[in-house]
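Working notes for the structure below.
The values are calculated or read from the model by the stated rules, or taken from the named source; none is laboratory data. Everything quoted here is computed from the prediction, not taken from an experiment. Virtual Cβ from ideal backbone geometry, glycine too; neighbours counted across all protein chains shown.
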Amino acid sequence: MKNYCLHFLKICLPVFFVAITLNSARGQDELWISNTAPVLGSTRPIPVSLDGFSGEVLDVLKFDLYVQGFSFVSPDAAQYQISGSNSGDVTGSVTFKLARRVILSRSYTGASLRREAHAFADDIVLAITGKKGIGQTKIAFKAEAANGNGEIYVSDFDGYAPLALTRDNSIVAAPTWVPGRLVLLYTSYEPGNPDIFYHDLTTGQRRIFAGFSGLNTSAKVSPDGTKVAMILSKSGSPNVWVCNLDGSDLRRLTTGIEDSSPCWSPDGKWICFATKIQSPGMTRRALAKVPADGGPVERIPTVGTPNPTDPSWSPDGKWIAFTCQFGSEFDICVVPADGSAPPTILVAGEEPSWSPNSRTLIFTKVTNWHYSLSVLDVFTKQVKDIGRISGNDSEPSWEK
């Protein structure tokens, strides 16, 4: 198991440069791709053409680029021409048509064609947008059987090469990554109580991180990897607690009637969470935030999107994605973290998690009572579905 995990999780791809120019196409390019601020759900995708690729490599390039804001058109209509070959290894180049200039030319060796294609897609995104691509990132999620039991899985972000990390045959929930490390925290009922486990993917070893009486769940690690926010009911109602990654200095931050789904601001100063609010004749959910060091709770306005849950703060600090509920329907919404505009409803779904690029979300999609994962570009609303891995797949968490 240890060796298999290590082999599966090696993501360093040996590559050899032929030539690469990452900044030569800026300037005139930005007139097209960033002359105005991106608009959630209505930004025009960047038109590119693909030539010379086939099979799995072509599929990977289309998947990776589509969910990062690109569209595929004929060479005559393209702003960028992407050409190359996957005969043997992957080679490729990108030409900026307006300037008739090659902005990327590179060959990839030393890995499977699929991994070479992901690496090429990442370089395309970087060369054109200046942003790091997500092709070589990973996700964690839970896969649930019909009896309600499940396991925690890790896979490539597109669902390829899934690996079951647990063999608990129990209820599992809420996997989350420790930033910059191959370590997961998640909840499992395998001990007979919902406890939070710390799982080192490089060694396969795990231990109970939080095993207090009652509920221990929804762990989220601070961006600097030093603290953990989580939901504990050790003092009665489920509330937000925080401690160091080694479990020391445990403190209660909230005292509401029912809190859930904490997440961190990128600077580590705030913890956003969902909470229940009682008003005359009804109880409803709302989003709130609390200082990570303790202090007054502040409401986050989500006008027009009732019963918000599952908040996820984008790594660039600009956005909070969440789930809203209209009756029995769930939607993915995004609101500016500074409250400067009302939320935007994007697509049907729940449980969003931001990618490192702060524009792509992975979320849970429900179709005919079956749960699966989908990937969404929040600015163009372009969506790609991930094939169901095992049973019902849900609660995705993107590696940071």
Taking the options Thr255, Thr323, name whichever one is among the hydroxyl-bearing types (Ser, Thr, Tyr), under 20 Å from Val67 (Cα atoms), in the same structural domain as Gly391 (by TED's automatic domain parsing) and free of Cβ contacts under 8 Å to residues at least 60 places away in the same chain.
Thr323
Within segment 137-164, restricting attention to residues that are assigned to a strand (DSSP E or B) and among the hydroxyl-bearing types (Ser, Thr, Tyr), which residue is nearest to Gly387 (Cα to Cα)?
Ser155
Restricting to segment 92-138, count the residues that are within 29 Å of Lys365 (Cα to Cα) and touching a Ser or Thr at 6+ places or on another chain (Cβ under 6 Å).
1
Looking only at segment 228-252, which residues are out of contact with any strand residue (DSSP E or B) (no Cβ under 6 Å at 6 or more places or on another chain) and either at positive phi or not assigned by TED's automatic domain parsing to the domain that holds Glu351 (or both)?
Gly236, Gly247
Selection from segment 361-396 of residues that are assigned to a strand (DSSP E or B) and either free of Cβ contacts under 8 Å to residues at least 24 places away in the same chain or small (Gly, Ala, Ser) (or both)
Lys365, Thr367, His370, Ser372, Ser374, Asp385, Ser394
If you go through segment 304-319 one residue at a time, do you hit one that is closer than 16 Å to Phe157 by Cα and either of a type outside the set (Val, Ile, Thr) or in contact (Cβ under 8 Å) with a residue 24 or more places away in the chain (or both)?
no
Lone qualifier among Ala99, Ala111 - being assigned to a loop (DSSP other than H, G, I, E, B), within 20 Å of Phe157 (Cβ to Cβ) and not acidic (Asp, Glu):
Ala111
Go through the residues of segment 306-326 one by one and say whether even a single one is buried (at least 17 other Cβ atoms within 10 Å of the Cβ), over 25 Å from Lys365 (Cα atoms) and small (Gly, Ala, Ser).
no
Give the residue that is farthest from Ile208 (Cα to Cα), with candidates limited to residues of segment 165-183 that are outside any strand (DSSP E or B) and in contact with a Pro (Cβ under 8 Å, 6 or more places away or on another chain).
Pro179
Condition first: in contact with a Ser or Thr (Cβ under 6 Å, 6 or more places away or on another chain), of a type in the set (A, V, I, L, M, F, W, C) and on the phi < 0 side of the Ramachandran plot. Can you find one or more residues in segment 151-160 that meet it?
yes
Is it the case that segment 345-353 has a residue that's modelled with pLDDT of 95 or more, farther than 22 Å from Val221 by Cα and not aliphatic (A, V, I, L, M)?
yes
Every residue from segment 212-242 that is of a type in the set (A, V, I, L, M, F, W, C) and in contact (Cβ under 8 Å) with a residue 24 or more places away in the chain
Ala219, Val221, Val228, Ala229, Met230, Ile231, Val240, Val242
Matching residues in segment 224-265 - criterion: being modelled with pLDDT of 95 or more, in contact with a Lys or Arg (Cβ under 9 Å, 6 or more places away or on another chain), surrounded by 18 or more Cβ atoms within 10 Å (Cβ to Cβ) and assigned to a loop (DSSP other than H, G, I, E, B):
Leu245, Ser265
Among the residues in segment 69-76, are any crowded, with 19+ Cβ neighbours inside 10 Å, closer than 27 Å to Phe157 by Cα and free of Cβ contacts under 8 Å to residues at least 60 places away in the same chain?
yes
Can you tell me which residues in segment 266-296 are outside any strand (DSSP E or B) and not acidic (Asp, Glu)?
Pro266, Gly268, Lys269, Pro280, Gly281, Ala292, Gly294, Gly295, Pro296
Looking only at segment 88-123, filter to residues that are at pLDDT below 95 and of a type in the set (Gly, Ala, Ser); which one of those is farthest from Leu58 (Cα to Cα)?
Ala99
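For (1) over 19 Å from Asp310 (Cα atoms); (2) touching a helix residue (DSSP H, G or I) at 6+ places or on another chain (Cβ under 9 Å), each residue gets a yes or a no:
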residue	(1), (2)
Leu163	yes, yes
Asp168	yes, no
Ile196	no, no
Thr203	yes, yes
Asn216	no, no
Ser235	yes, no
Val242	no, no
Gly256	no, no
